Amino acid sequence: MSARKAHTFLLNVSKKAKHHEFYKFLQSTELISIETRTDHSLSLKYFLVKTIIGQQVSTKAAQSIWQKVKTILDNSPSQITLNILKEQGLSTPKATYILGITQDESIEKMTKESLKKLSLEDLSQFFLSLKGVGPWTLGVVRMFFIEDTDVFLEGDLGINKALLNFFNTKNYSGYHYSPYRTYFCLYLWKSLS
């Protein structure tokens, strides 16, 4: 239901704001839902590890490394070391971040429900204190783990490219599209494929 509601909202706003190209794109594309983009089987720890692996590498490479790291996490989490992580194809910084996340007990205690209850300030404080988690990763967690409908992923390369295509600028935060900026981002990404 929320996917249709969000799409209708984006259509109305893009028409009213005279975002003609984006409006035309929304008219011609199928509905996108956050739920279908969310892997409900992942714990927060696994979600963070997978997201960090996916930063700045091709989707194919990320998927391959993630499968190897997940196997180790599933079978012998207590035996994880920096070297074992690096052997799976991770750079030293990423291996360090992931090791820190796998050893952080506060992450184990966090559920989707408990995260939804936190203010944006508390959420930011918790995640940005983790090594390897910056504003982009926090945005991804809010979008695809917590399923917050109003996240704009500032600085994302794909979104910047789509913003240039539709709005002739990278300096647009999608404020017209609040409270559905997550959907705004999803459609921007979709426009690139």
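The values are calculated or read from the model by the stated rules, or taken from the named source; none is laboratory data. If you're wondering where the values come from, they're calculated on a predicted model, not measured in any experiment. Neighbour counts run over all protein chains shown; Cβ positions are idealised from the backbone, glycine included.
Quick notes on this structure:
- Residue check for THR59: touching a helix residue (DSSP H, G or I) at 6+ places or on another chain (Cβ under 9 Å), β-branched (Val, Ile, Thr) and without any contact (Cβ under 8 Å) to a residue 12 or more places away in the chain: no
- Residue in region 62-71 that is at positive phi and either assigned to a helix (DSSP H, G or I) or small (Gly, Ala, Ser) (or both) present: no
- Tally, over region 152-183, of residues that are hydroxyl-bearing (Ser, Thr, Tyr), in a helix (DSSP H, G or I) and more than 15 Å from the chain's Cα centre (by Cα): 2
- Count of region 72-108 residues, restricted to those that are over 15 Å from LYS45 (Cβ atoms), without any contact (Cβ under 8 Å) to a residue 24 or more places away in the chain, assigned to a loop (DSSP other than H, G, I, E, B) and in contact with a helix residue (DSSP H, G or I) (Cβ under 7 Å, 6 or more places away or on another chain), is 1.
- Taking region 109-151 and the helices (runs of 4 or more DSSP H) fully enclosed by it, the elements with 3 or more residues that are surrounded by 15 or more Cβ atoms within 10 Å (Cβ to Cβ) are at 120-128, 135-144.
- Subset of region 159-185 that is modelled with pLDDT of 95 or more and among the charged types (D, E, K, R) - its residue that is nearest to ILE146 (Cα to Cα): ARG181
- Lone unmet requirement of (1) surrounded by fewer than 18 Cβ atoms within 10 Å (Cβ to Cβ); (2) outside the structural domain of THR182 (by TED's automatic domain parsing); (3) among the polar types (S, T, N, Q) for GLN88: (1)
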